[in-house]
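Undergrad: The structure's right below; bear with me while I get my questions together.
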Amino acid sequence: MRWGVEQRLEFIEFRLFWEGSINRADIVEFFDVSVPQASKDLALYQERAPGNVEYDTRAKRYVAAEKFTLRFLNPDPYVYLAQLRAVAEGMVPSRESSIAVFPSADVALTPKRDIDITVLRKILDAAREGVSVEVFYQSMNKVRPDPIWRRITPHAFGYDGLRWHVRAYCHLDHKFKDFLLPRILEVGEKGAAGVTGQEDWLWNNYFDIVIGPHPDLTESQKKVVAKDYGFDHGNGILSVRYAMLFYVLKRLGLLGDAAKQSARTQHIVTINRKETEAALEKAELQL
């Protein structure tokens, strides 16, 4: 099948699975195809997934049959919720989402970081080409309180849940560092690469954080926390790049001894805390 047809069959099944019905107009509107093409798609879906749909003459819609079986879609709750979140945050127009009927939803918004699109494109170009580039960067360093020009060799990008940064070799400090994209005020000339990303040990190696329910929770509360986080046998393992370890622990509330915090607000703790402290020291960060 052509990719476009396969995509439309998945769309049909998405609507049937999550919303229980679909009609030709849904396909026409979403994919900008003709009515005859939408009819062909629905006929093909019924041919490939017999018994999955019934036509409701009163509603003039195809509805999921009682014995509906997935044939084209591997549904993921996180994919659905990611679409819902993207629309709720205003990142994606509702018309571009596969969801037709949106439940009332909201998200805990954070201030939008101002990233210059020209800056991002030039940093992406340098990373793609494997070269260095000059950046006019405003750090929060006491030694350098004003923005300065410095040369970096970018090779990767990281997101801590709030902000995007570029991972790069700093030609000024002679080591790999994280540079927040909003703090890159200008981008200058490209140049020869410094140390490549292949030599960024902290980026290319991983540490396993073992996490589990807070010890002060009741047994039933521990079980639901384990279910919530997808733990096996009560605990779970997060395999994290050393370069991202600080950000992950901070976001999960695991910087410091989480077991000393209230179990009502901090539901998980680090089981291998000593090893995690050592890993942070290796990553040149201190608890």
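The values are calculated or read from the model by the stated rules, or taken from the named source; none is laboratory data. In this text, all values refer to a predicted model and were calculated from it rather than measured experimentally. Note: ideal-geometry Cβ built from the backbone for every residue, glycine included; neighbour counts use all protein chains shown. Heavy atoms of the whole protein, side chains included, go into the accessibility calculation; ligands, DNA and RNA do not. Shrake-Rupley method; radii C 1.70, N 1.55, O 1.52, S 1.80 Å.
Undergrad: Just to be sure I understand, how many residues within the stretch 156-180 are surrounded by 13 or more Cβ atoms within 10 Å (Cβ to Cβ), within 12 Å of the chain's Cα centre (by Cα) and assigned to a strand (DSSP E or B)?
TA: 2
Undergrad: Which residues, counting only those in the stretch 88-136, are farther than 17 Å from R163 by Cβ and of a type in the set (D, E)?
TA: E96, D106, D125, E129, E134
Conditions (1) more than 22 Å from A279 (Cβ to Cβ); (2) without any contact (Cβ under 8 Å) to a residue 40 or more places away in the chain, marked per residue:
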| residue | (1), (2) |
| --- | --- |
| R128 | yes, yes |
| P147 | yes, yes |
| G158 | no, no |
| G191 | yes, no |
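Undergrad: For the stretch 146-197, give me each residue that is aliphatic (A, V, I, L, M) and under 13 Å from V119 (Cα atoms).
TA: If the condition is that a residue be aliphatic (A, V, I, L, M) and under 13 Å from V119 (Cα atoms), then V166, L180, L181, I184, L185, V187 are the ones that fit.
Undergrad: For the stretch 192-249, what are the residues that are open to solvent by 70 Å² or more (accessible area, probe 1.4 Å), in a strand (DSSP E or B) and either in contact with a helix residue (DSSP H, G or I) (Cβ under 9 Å, 6 or more places away or on another chain) or under 26 Å from E134 (Cβ atoms) (or both)?
TA: Result: Y206, D208, D232.
Undergrad: Also, quick follow-up: What residue, of R48, R15, is among the basic types (K, R) and open to solvent by 30 Å² or more (accessible area, probe 1.4 Å)?
TA: R48
Undergrad: Identify the single condition in (1) among the basic types (K, R); (2) farther than 30 Å from S262 by Cβ; (3) surrounded by 13 or more Cβ atoms within 10 Å (Cβ to Cβ) that K142 does not satisfy, given that it satisfies every other one.
TA: Going through the list (1) among the basic types (K, R); (2) farther than 30 Å from S262 by Cβ; (3) surrounded by 13 or more Cβ atoms within 10 Å (Cβ to Cβ), K142 breaks only (3).
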